[in-house]
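Worksheet: one structure, shown below.
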Amino acid sequence: MDKDGKALTGAPTGAIELSGAEMVIRALKDQGVTHIFGYPGGAVLPIYDALFQSEGIVHVLVRHEQGAVHAAEGYARSTGKPGVVLVTSGPGATNAVTGLTDALMDSIPLVVLTGQVATHLIGNDAFQECDTVGITRPCTKHNWLVKDVNELSRTLHEAFQIATTGRPGPVVVDIPKDVQFKKGPYVSPEAVRHRTYRPRTEPDLAAIVKAIDMMAHAKKPVFYTGGGIVNAGPDASRLLRELVEVTGFPITSTLMGLGCFPASDPHWLGMLGMHGTYEANNAMHDADLIVCLGARFDDRVTGAIEKFAPHAKKIHLDIDASQINKNVRVDLPIVADAAKALKEMLHFWKTQKRKADAAALKSWWAEIDGWRAKKSLAFRNSKTLIKPQHAIQRLYALTKDKDVYITTEVGQHQMWAAQHFHFDKPNRWMTSGGLGTMGYGLPAAVGVQIAHPDSLVIDIAGEASVQMTMQEMSTAVQYDLPIKIFILNNEYMGMVRQWQQLLHGGRYSHSYSEALPDFVKLAEAYGAVGLRASTPDELDAKIEEMIAVKRPVLFDCRVDPKENCYPMIPSGAAHNEMILSDAEEEATQVSDEGKMLV
Amino acid sequence: MSAQLKSPAIERHTIAVLVDNEAGVLARVIGLFSGRGYNIESLTVAEVDHAARTSRVTIVTSGTPQVIEQIEAQLGRLVAVHRVHNWTTAAPGIEREMALVKVVGTGEKRVEAMRLGEIFRCHIVDTTLTSFVFEITGAPSKIDQFVELMRPLGLVDVSRTGVAAIARGPEAM
């Protein structure tokens, strides 16, 4: 096997001999890794020992492995680099599962290294043993159990290649403790090429030409963009801006794609979907051409699928062929990297001297302006209670000129943040879109702040979500990370309460937190700073105080507990059946089929 | 799956998947089917090239055309998968299955079982005074038919391999 192993790794004779643990550190360095997030334990002690004896990699000690994975996600999403996690076997690995699933759903590149019991103990129900590759198989892009040290360095390099190329995603490398001690030849990244994995990135030019032809003939076109643009890198965002400029088409985006196109641009319709704007959803419904770029026709976006965009031809650009025709049948699929496809679209649009139908576009924009006039994000403000939307608007107004990164938890506050905080650049918005993981935002903010130590990093949170990973405040304090946890505290699991109001006759079953910590004292207990705002009058001053503090802050923003998140497409309804207010919600009858949808 | 995708007729497809013969690869394929709610009617797997360490998995599955398209695309996404080939939508290939069929009985029933076995070109691979084990090879429908005929004649056990498929003519997968 030694002989075979060496032949397969292509290790040159005289390759350096390292222990498995040393190989891990060396491979991380060769992959350009500067920061890892982790938590030690018995089955990774050799790797932690090698880490202790080496320089050049900063390890961030979290308080729970889920926090390590979300922090790595925040790091990855805000930098475009892979996030790296190191955890032990058994509970270390199982605690990472939520983060892995989150990263898989949102296409975040992660390399997660897990310790495993020694190879001769595998299958014996040893202490802190679990079937890590079995458990993580459905929640990773790929995973490996490395039983032979001769395979370790090659596997680590492949792990980085697979996590970061094609449609990005999380990978797990499970390394038994004896393999960490054994010595073997180290192979450098250049010597490694995966046997089968060749993601397709180049677009089919015939399809590109057909796409621009459809675009040139469209009367009611709309760009529908998503997280694929973020993942394709800053070039993709730049090219998207240019494409919108030359075509003059309106553009909307999914939750995951916010920031790829500047919210300050007049072509921007706002986010689409369940809590998207009236103009974005109606434009999708009435469009005759939808150009989907790096999004996946998710159920939050389409609403009732049989009523989705009934008049539209659909172009779908995605790097992952399995997304084509998954939820919605499309007329023209393009499987490619978004930046490469956008570049070709622009090239052919210009060289073929294509022009959008100006007259049709003019009347299309007039229709859109009619929908815009509804001002669907408007809300009734209050002089006595802080409205959550108002709090986000003030937070945005007071931070927009700064170098700001936003993370969120999951729920009403997340939707209000998406609606009322505006982004002009990609990689500035970190949120759990696909999985909807409460507890994502605080550790994600830790990861973002590690990557951007001088930037303003704010987690827009809910008081329910943030308690799921609150322990990471301790991490923030340990590493002097001045993250700002801006809690919209309504004492309810707000989105659950809203659905109970709409669908379950106002029976608020277990959605009210009868006991909450005093967040100011809690912050102080962690060694952080606690602030509270209870009335609209004091909000601005407190936000400014929060920004000025160069330490971690828990900000308890006491908001109206009864506020609901609008506009909304109720379950089972179409894009043009949005409800805009509580009054309309009361008049809405959700069908039995609709009630079954989440 | 949406209602839009559910309404078309259910079709039966035979899909071959060439995979790296590495630990857990079959679990990846099967996990994909169970995790996404696809059907497996039969599944055959064995190494086909020892030097290249590749195995071939042949799956008979059923679903609407959209679901079948998704199955192919999802299989293609697995890192350990080299190629995916649908023998039902492409030029139909040859599909064969082998089964071992045990029939217990005496007298007229035993003679009738043997006579039918000959008609179906079975080999008798084990015999006692009261039992036969037939080896039968053919299209799955032929095996279905034989098994049904054996039922009243003392059928006690069936072991089927699942479908193996290959292209006609000089073409390879």
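The values are calculated or read from the model by the stated rules, or taken from the named source; none is laboratory data. Since the structure is predicted, the reported quantities are computational estimates derived from the model, not experimental observations. Positions of Cβ are backbone-derived with ideal geometry, glycine not excepted, and every protein chain shown enters the neighbour counts. Each accessible area value is taken on the protein alone, full model and side chains, heavy atoms only, with ligands, DNA and RNA left out. Shrake-Rupley method; radii C 1.70, N 1.55, O 1.52, S 1.80 Å.
Within the stretch A:550-598, the trypsin sites (Lys or Arg not before Pro) that combine a DSSP coil assignment with at most 11 other C-beta atoms in a 10 angstrom radius are A:550.
How high is the relative contact order of the stretch B:93-166? Use alpha-carbon pairs under 8 Å, at least six apart in sequence, and give a whole percent. Each step should come with its number before you reach the end.
Numbers: 133 pairs, mean separation 38.6, N = 74.
After rounding, I find 52 percent.
Evaluating 6.51 cos²θ - 1.76 cosθ + 1.60 at θ = phi - 60° for every residue in the stretch A:324-337, the Karplus couplings come out as 6, 6, 6, 9, 10, 6, 10, 8, 9, x, 10, 9, 5, 5 Hz, glycine and proline recorded as x. Would you please classify the overall shape of the stretch A:333-451 from the alpha carbon gyration tensor, given that a ≥ b ≥ c denote the square roots of the eigenvalues, rounded means a/c under 1.5, and beyond that prolate means a/b larger than b/c while oblate covers the rest? Here the stretch A:333-451 falls in the oblate category.
Given contacts defined as C-alpha pairs under 8 Å and at least six residues apart, what's the relative contact order of the stretch B:11-86, whole-number percent? Before the final figure, lay out each step's value.
Numbers: 129 pairs, mean separation 35.2, N = 76.
Relative contact order for the stretch B:11-86 comes out at 46 percent.
Each label point was placed 7 Å from the Cα along the Cα-to-Cβ direction; for residue A:366 and residue A:400 their separation is 3.0 nm. Annotation: extensible slack from residue A:353 through residue A:480 equals 40.2 nm (criterion: 0.36 nm per residue apart, minus Cα-Cα distance).
Kindly compute the accessible surface that chains A and B hide from a 1.4 Å probe when together, both sides summed, and give it to the nearest 100 Å².
On the way: alone 23490 and 9930 Å², together 31580 Å².
Summing both chains' loss of accessible area gives about 1800 Å².
Here the scattering of the protein assembly as shown is modelled by Debye summation over its C-alpha atoms, one equal scatterer each and no solvent; at q = 0.05 Å⁻¹ the log10 of I(q)/I(0) is -0.30. DSSP bridge analysis restricted to chain A gives an antiparallel fraction near 5%, rounded to the nearest 5. Per residue, the average separation of C-alpha pairs within less than 8 Å and at least 6 apart gives chain A a relative contact order of 14 percent.
Throw me the Rg/Rh for the stretch B:93-166, computed over C-alpha atoms with Kirkwood Rh, two decimals. The partial results should precede the final answer.
Details: Rg = 12.0 Å, Rh = 12.2 Å.
Rounded to two decimals, Rg/Rh equals 0.98.
The residues packed around residue A:595, meaning those with a beta-carbon under 15 Å from its beta-carbon, carry a net charge of -3 if Lys and Arg are +1 and Asp and Glu are -1.
Less than 12 Å Cβ to Cβ from residue A:447, Lys/Arg counted +1 and Asp/Glu -1: what total charge do the surrounding residues give? Don't jump to the answer; show the numbers that get you there.
Numbers: positive: A:77, A:81; negative: A:73, A:459, A:472.
With Lys, Arg at +1 and Asp, Glu at -1, the net is -1.
Classify the stretch A:262-376 as rounded, prolate or oblate, taking a ≥ b ≥ c as the square roots of the eigenvalues of its Cα gyration tensor: rounded when a/c is under 1.5, otherwise prolate if a/b is larger than b/c and oblate if not.
Details: a/c = 1.72, a/b = 1.12, b/c = 1.53.
Since a/c reaches 1.5 but b/c is at least a/b, the shape of the stretch A:262-376 is classed as oblate.
Pairs from the list A:375/A:484; A:313/A:595; A:350/A:400; A:210/A:326; A:313/A:362; A:219/A:400 with a Cα-Cα gap above 27 Å: A:375/A:484; A:313/A:595; A:350/A:400; A:219/A:400. Cα centroids of the stretch A:440-470 and the stretch A:144-173: 28 Å apart.
The trypsin sites (Lys or Arg not before Pro) of the stretch B:56-131 meeting both criteria, a DSSP state outside H, G, I, E and B (loop) and at most 15 other C-beta atoms within 10 angstrom of the site's C-beta, are B:121.
What length, rounded to one decimal in nm, is gained on full extension from residue A:204 through to residue A:264, with 0.36 nm per residue of separation minus their alpha-carbon distance? Display every interim value, and only then the final one.
Details: separation 60, 0.36 × 60 = 21.60 nm, distance 3.28 nm.
My answer for the length gained is 18.3 nm.
Under a model in which nothing but the beta-carbon of Lys, Arg (+1) and Asp, Glu (-1) is charged, the stretch B:11-86 shows a dipole of about 100 debye around its Cα centre. Using a Förster radius of 22 Å, what is the FRET efficiency between residue B:83 and residue B:27 based on their Cβ-Cβ separation? Nearest 0.05, please. E between residue B:83 and residue B:27, to the nearest 0.05, is 0.65. Once both labels are positioned 7 Å from their Cα atoms along Cα-to-Cβ, the gap between residue A:195 and residue A:213 label points is 4.3 nm.
Summing charges over neighbours of residue A:262, with a neighbour being any other residue whose Cβ is under 10 Å away from its Cβ, gives 0 when K and R count +1 and D and E count -1.
Rounded to the nearest 500, what is the 222 nm mean residue ellipticity of chain B from helices alone, with -39500 (n - 2.57) per DSSP H run of 4+ residues and division by all residues?
Working: 5 runs with 52 residues, N = 173.
Result for chain B, helices only: -9000 deg cm²/dmol.
Between residue A:503 and residue B:125, the FRET efficiency estimated from the beta carbon spacing at R0 = 45 angstrom works out to 0.10.
Approximating the spin labels as points 7 Å out from Cα along Cα→Cβ, the residue A:16-to-residue B:139 distance works out to 6.3 nm. Per residue, the solvent-accessible area of chain A (1.4 Å probe, heavy atoms of protein chains only, all protein chains present) comes to 38 Å².
Tell me which of A:227, A:341, A:51 sits at the most positive position along the dipole axis of chain A, charges placed on C-beta atoms (Lys, Arg +1; Asp, Glu -1). Of the listed residues, the answer is A:341.
Comparing the full protein assembly with the isolated chain (1.4 Å probe, heavy atoms, ligands and nucleic acids excluded), the residues of the stretch A:305-340 losing at least 30 square angstrom of accessible area are A:305, A:322, A:325, A:326, A:329. Give me the distance between the Cα centres of the stretch B:136-173 and the stretch A:24-97, rounded to whole Å. Answer, in whole Å: 52. Taking the chain by itself as reference, the stretch B:58-87 contains these residues with an accessible-area loss of 50 Å² or more in the full protein complex (1.4 Å probe, heavy atoms): B:69, B:70, B:77, B:79.
Can you work out the FRET efficiency for the pair residue B:151 and residue B:10, with r the C-beta to C-beta distance and R0 = 35 Å, to the nearest 0.05? Display every interim value, and only then the final one.
On the way: r = 26 Å, r/R0 = 0.75.
Between residue B:151 and residue B:10 the formula returns 0.85.
Over the stretch B:130-173, what percent of the accessible surface lies on carbon and sulfur atoms, probe 1.4 Å?
Working: 1270 of 2360 Å².
Of the solvent-accessible surface of the stretch B:130-173, carbon and sulfur hold 54 percent.
The spacing between the stretch B:82-130 and the stretch A:123-140, judged by their C-alpha centroids, is 40 Å.
In deg cm²/dmol, rounded to 500, what helix-only [θ] at 222 nm does chain A give when every DSSP H run of at least 4 residues adds -39500 (n - 2.57) and the total is split over its residues?
On the way: 26 runs with 237 residues, N = 598.
After summing the helix terms and dividing by residue count, I get -11000 deg cm²/dmol.
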